[in-house]
Each structure stands twice: as C-alpha cells, then as structure tokens.
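Okay, structure first, notes after.
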Amino acid sequence: MVSSKFKQDKRLETKGAVLSMVCWVRTLLFISVLVPAFVECRIRHYHFNVVVKNATKLCSTKPIVTVNGKFPGPRLYAREGDNVLVRLTNHVQYNVTIHWHGVRQLRTGWSDGPAYITQCPIQPGQNFLYNFTLTGQRGTLLWHAHISWLRSTVHGAIVILPKKGVPYPFPKPYKEKVIVLGEWWKADTEAVVNQATQTGLPPNISDAHTINGHPGPVPNCSSDGISIGPYTTRVPFDHNCKNRNFLRFVNADAHTLHVETGKTYLLRVINAAVNDELFFKIANHNLTVVEVDACYTKPFETDTLFLGPGQTTTALLKADQGIGKYLIAISPFMDTTVAVDNLTGIGYLRYNHTLAFTPTTFVALPAVNATPVTSVFSDSLRSLNSKQYPANVPLTIDHSLFFTIGVGINPCATCFNGSRAVAAINNVSFVMPTTAILQAHYYGINGVFTDDFPAKPAIPFNYTGTPPSGLQTMNGTKVYRLAYNSTVQLVIQGNTIIAPESHPTHLHGSNFFVVGRGVGNFDPEKDPLKFNLVDPVERNTVSVPTAGWTAIRFRADNPGVWFFHCHLEVHTTWGLKMAFLVENGKGPNESIEPPPSDLPKC
C-alpha cells in the first residue's frame, strides 16, 4: 500500500514541475518581449495555395490561376537574414513552380523555381516546401510562376526590410506602398501560348496593362461590368493624355494611391508584365530613385521610371502638390516594328480631403518609341558604393563571353506557314529537358544536357547591320560551366535578324554589375575603355538596347545551375535562354546543399 506521505510528496513534486514549467514559459515570454527580433525575425512561414478563381476585367469574366485567390498574389515580407519557408500546394490542372526573382538562393538552388532547370514542376495535387535565406539583400523583388505563361496572373511582391536597427540609406518615409504593374488578356493565356506554339506565329498581344491588378477605365464598361456609354472610351496610347472622356468614370476598376499632404512615401514599383517594358509616371510629381532590384543606388530625381519585365524600382514620392487627384499612368516602350499592347494603364493619386468631383490633373507620357528616355534613365543608375554597401565589381576576368541574342525562323512542317518563330543565344535555341538540369548535374545523370554552350558566336557577322541569309538556328540543351568563384564578363549583343528589339535579360542565382551599354556593334577595343568599374548599377535584370549591347560582370560564387534568359515570355518560349553551371568549391560552405526530401519528381 502506498503511504499518504508518499502521495503528498508526489503531489508536491508534480506541483513543483508545473510551477517550473510556468516559470520557464514566463521567462521565454519575457525574453521575447525584450528581444522580439530573436522570436519574429528569423523564420518567415507562408502557405501558397495555387487555385483557380473567376476574375472580371474589361467587362469580361474568365477563370485565372492565382495564389490564395489573389491577383496580384500575396506580398511576401521578410528582413535581411531571414529564413523563408513557403509551402506551395497545387490545386489546379497545370504543373506549377514559383521563382523568387532576384533572391540569390546561396547554395539553395533547389528552391530557385524555374521548371526543368532547378526542379521538376509541382504536379496537380502535390506540394513542395521552398526554403531559402535572404542573405545580403534588402529592397524590392518579386515572385512569379516559372512555367509556361502562368506568371501572367501568378505573381506578387517580395519586400525585404533591413535588419532590425539598420536604417535606410535615405530619409525614412512616412509610409511604404507596393505598386505591381502587369498585363491582362481577355483570353486564357495558356490557350494564347498554345495556339502560337501550334501555328508557329507570334502570340496575341495583351488587351490591357494593370496597376495592382486594375486596368483603369475600359471601353463602354463600368467597374461592375455594366455598359456606361461611349463617353468612357479607353483610347489607344495617347502620350499627351488629352482625351479626357475616358477618365470620366474615375472609379472604373482603377487603383487609387491615397496620400497625405507634406508626407514622403516609398513606392516599391514592380514590373510583373509578361512581354512589355513600361514607363511609369505620376502627374506633377517627381520621384527620387533609391534602389533597383534590391540594390541601393545613388539617389537621383526623375519624372519617369522605366522598367522591363522582372525589374523593380524603389523611389521616394513627396506629396508636395495641392489637394486633388493626379493621374498615374503606365505605357509601353517599343522602338521597333514589333506589335505591342499600346494602351495606357490608368490609376490615380488622391490627396486626403479631396472633394469627390475634383478634376483630375493629367500627365504627358513618353512616346511609345522614346528611346532617349530609356537611355537617360538607365545611364542615371549608379550603385551607392558606400562603406556599408560597396560595389565589388570584378576587376580581373576569368571568362570573357560574347552572347548574341535575337529571333529567327526555323522550318516547321506542321505550322501555319511551314515555319516557326524561334529565338536564340549564339544561334543556339534552348530545348527544355524533361529532367531538371540541376538534378542531372547533382546525381550525375547523363543525356540531359551538354556543357558545350559556345562562349562566342561560331560565325561572326555584322550583328546590327544586314542580317545573314541563313536564319535557321541549332537546337540544344547546353550549359556553360564555371569554376567556383571565377569571374565573368559577358557582353550581350542584340542583333537585327527578323527585327531588332530591346531584350530585358535576367540572370538567376547572382546579381551582376552593368559596366557598359551602347548602340550598334560592341567594339572590343574601344568600348571597354569607357566601362564604369567604380560605381556601376547592380541588378539581376537588364535591358539590352534595340540593335545595341550591354556588358555585365559577376562572380560565380553560388554553386548550382542558374538560368539566363530574356524576360519577355514570348522570347523565352521561343528559346532565348541558356544556363550557367557553377561547380562546387572546396568545402561544404562552397557546395550546393543536398536536395530536399520532397523535391518534386518529373
């Protein structure tokens, strides 16, 4: 029989254990109050459910693929140094991946996201945990689907705040605002690209541009889809915005930015468009650019932002005008003979206390072919290059590469004209494999890719002059191999085959420094003498000017397989893409991490 004293001792022991646990919990809570960064600024959890949702725009309803039912998708907030975990569950009929555009993914290439490059896609009904750390980055980036054309509606903002206690290198704003620019098709974009693939012809252009998902006034259509007569006609591109009829109904599915007089706002502007480079302006307001692609810049003032697809620009806006409504407008840039959606996307900046029927102040937009405006903006970008944020430009080069990029024509027996539009780098049109290249590299699987991507064109020609007679490209799944920590100079040369065009070009896994740009053919003797090796802008996506060139430098200090491609989805679809394979270094800290156990299978 158990004695009463023993029972009493056990009760006291249990009570003591409970009190001890309570004290420990209280201690943890006390610590969490004292050092919240320890508790809330280390791991960020997100759950992305990919679902179909009906959306009504331009007086037409269609089902779209979204994340969590939102268009644009949910914003991802974190701080520099945070570990981000995103559980993606695919509830739609399509295979899906997500690319965290501009996130360096140091040693975590498995989470980079381009389908069949670093991972097999996430199949319907399956899920995958993206796991990466935001190392040495702060600013504005974006995430988007990276398979087929799903990124037309599957995209959103990434906001990386500085570490706790670290200020911005510019005056602290009153508030921050995220502005996502996009494109909208009335048709299903998957049907658009599939039709183009079958016919071999260019895909149909979009029907509207959007600001945070809103196209603004539309022809004969109100925000609730009811016809409101001819006086709401949404005119084609009108760079002087003189036609005021299309602004009569100011609440017709338009985004409104509310501001308070005298305050300064930080605008995080993201171009999530599929195929269009865009101008961004606010009537009567200048903007001070302070960061691009999550890299701080020397501040400079401008009235016009220029962003290619995938690029971000963060700028300070001073609400220093009179109380009223001011037009926000986005319009396309195209300085060649290529079809473009030349409709202006409309939004409004509205000061608090503005009366309901106050007239809107209009804005003069650049012409659609305003090449000088793009050049001035690009040339004004400089790295901050401070003691805290240095510009570590490689000064010695291990690999000097020369890539020509452009479009061409290949035979196609089943296509509409017996030929198919293609695109290529150094005359190689990339063929997407059926096994992810990173998996093939990691596991030593043969037959998936070759590492003989050419460092320069096999046959030099007058790239921006009369094109050669032979337009057919070669096909291949080729990568260029780089030793760990080697340095690269890459001159990207546009050509005039079929049609010259501006190419916003994106490198995964690394930032790069834009050391030079120009029109015409790159001169290897004269042009390097004008390179900026002191404070060139640091980016992850850069526009190569029409019939011109851009020179970039980067250090291959991130082992893995990294996609390099034009960020115009039409050109990526046609094959204007390749990949760099960066080998492991000498130890585990210089080697890619092992693949996660839930990595999708092809």
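The values are calculated or read from the model by the stated rules, or taken from the named source; none is laboratory data. Keep in mind that what you see is a predicted model, and the values were worked out from it rather than measured. Don't worry about glycine lacking a Cβ; one is built from the backbone with ideal geometry, like all the others, and counts go over all protein chains shown. Just the protein is used for accessible areas: all its heavy atoms, side chains included, with ligands, DNA and RNA removed. Shrake-Rupley method; radii C 1.70, N 1.55, O 1.52, S 1.80 Å.
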Using the Karplus curve 6.51 cos²θ - 1.76 cosθ + 1.60 with θ = phi - 60°, what ³J(HN,Hα) values do you get for each residue of region 140-155, in whole Hz, with x for Gly and Pro? 10, 9, 9, 10, 7, 4, 10, 7, 6, 10, 5, 5, 4, 10, 9, 7
For the chain, what relative contact order do you get, as a whole percent, if you take Cα pairs closer than 8 Å and at least 6 residues apart? 14 percent
From the helices alone, meaning DSSP H stretches of at least four residues, give me the mean residue ellipticity at 222 nm for the chain, per-run term -39500 (n - 2.57), in deg cm²/dmol to the nearest 500. -3500 deg cm²/dmol
Taking all protein chains in place and a 1.4 Å probe, what share, in percent, of the accessible surface of the chain do carbon and sulfur account for? 55 percent
Built amide H within the under 5 Å cut-off of ARG420, gap 5+: ASN410, CYS412
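Only loop residues by DSSP count here, and only those with at most 15 other Cβ atoms within 10 Å; note down the trypsin sites (Lys or Arg not before Pro) in region 524-602 that meet that.
Sparse-neighbourhood loop trypsin sites (Lys or Arg not before Pro): LYS526, LYS586, LYS601.
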I need the shape label for region 346-463. Rule: rounded when a/c is under 1.5, else prolate if a/b > b/c, else oblate, with a, b, c from the alpha carbon gyration tensor. prolate
Looking at region 43-167, send over the antiparallel percent of its DSSP beta bridges, to the nearest 5. 70 percent
Restricting things to alpha carbons, tell me how big region 473-514 is in terms of Rg and Dmax, in Å. 13.6, 38
Between region 516-587 and region 131-150, what's the alpha-carbon centroid distance in Å? 19 Å
If amide H atoms are modeled at 1.01 Å from N in the peptide plane, then the residues at a separation of 5 or more from GLY406, or on another chain, having amide H under 5 Å from its own are ALA424
Any idea what the relative contact order of region 43-167 is, in percent, if you count C-alpha pairs under 8 Å spaced at least 6 apart? 31 percent
Can you pull the semi-axes for region 43-167, root of five times each eigenvalue of the Cα gyration tensor, sorted largest first, whole Å? 26, 17, 11
Using alpha carbon positions and the Kirkwood radius, the Rg to Rh ratio of the chain is 1.01
Assign unit charges at the C-beta atoms only (+1 for Lys and Arg, -1 for Asp and Glu), then state the dipole size of region 399-590 relative to its Cα centre in Debye, rounded to the nearest 20. 120 debye
Could you tell me the relative contact order of region 399-590? Use alpha-carbon pairs under 8 Å, at least six residues apart, and round to a whole percent. 28 percent
Share of antiparallel DSSP beta bridges in the chain, in percent to the nearest 5? 70 percent
For the chain, with only Lys/Arg (+1) and Asp/Glu (-1) charged at the beta-carbon, what is the dipole magnitude about the Cα centre, in debye rounded to 20? 2040 debye
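Show me the ranking of peptides 410-421, 433-444, 350-361 by mean Cβ neighbours inside 10 Å, starting with the highest.
433-444, 410-421, 350-361
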Using θ = phi - 60° and the Karplus relation 6.51 cos²θ - 1.76 cosθ + 1.60, list the HN-Hα couplings for region 331-337 in order, rounded to whole Hz, with x at every Gly or Pro. 9, x, 10, 7, 10, 8, 8
Give the distance, in whole Å, between the Cα centre of region 287-358 and the Cα centre of region 79-120. 29 Å
The answer for the net charge of residues other than GLN126 whose Cβ lies under 15 angstrom from its Cβ, with Lys and Arg +1 and Asp and Glu -1, is +1
For the chain, the per residue accessible area (1.4 Å probe, Å²) is 42 Å²
At 30 Å minimum axial length over the Cα atoms and a Kyte-Doolittle cut of -0.5, report the qualifying DSSP H helices in the chain, or say none. 4-34
For LYS53, the lysines lying under 17 Å Cα to Cα, once residues fewer than eight places off in the same chain are dropped, come out as LYS62, LYS70, LYS186
The set of residues whose placed amide H lies less than 5 Å from the amide H of ALA436, leaving out same-chain residues fewer than 5 positions away, is CYS120
